[in-house]
1. In region 129-137, is there at least one residue being modelled with pLDDT of 85 or more and either surrounded by 11 or more Cβ atoms within 10 Å (Cβ to Cβ) or closer than 21 Å to residue 171 by Cβ (or both)?
2. Give the residue, chosen from 10, 63, that is at pLDDT 85 or above, in a loop (DSSP other than H, G, I, E, B) and touching a helix residue (DSSP H, G or I) at 6+ places or on another chain (Cβ under 8 Å).
């Protein structure tokens, strides 16, 4: 299966490992670490809330670097979010763009926009974050999914939540590889 990525020519997993190894334990200030932990807690709470409010079946996937499977694809897509922001291919709400510190954010695989979880930003971009048209295809393999469309899958890495629409075959790959 040919998987779809924002940056298919960049090995986001190798880049992530290199950055992690390059950062020493003392390279993060205590205040930054506290902000990051608060953002992580907010994202974790929001993940559960989004799943319960969706009104449709939602799969929440653990993240793994295991070869194959939807979990690895989700991890790689999650790692593309900061890369896309740095390269200017992904835009964030004004709070994300300011980059004053770690904040919980929501990214969707079919959009090049991410938003913080503040009510104001979330409501403003909600319509843009809903799938439509060509977005009725599976975000992982690109197969068109007839109505009601792809099934929602979510994953979290740190304070970033990724929402993707997956076909039944890709969802099945998650249970077989995980």
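1. Taking every residue of region 129-137 in turn, at least one turns out to be modelled with pLDDT of 85 or more and either surrounded by 11 or more Cβ atoms within 10 Å (Cβ to Cβ) or closer than 21 Å to residue 171 by Cβ (or both).
2. 10
The values are calculated or read from the model by the stated rules, or taken from the named source; none is laboratory data. Everything quoted here is computed from the prediction, not taken from an experiment. Please note: Cβ atoms are built from the backbone with ideal geometry, for glycine as well, and neighbour counts cover all protein chains shown.
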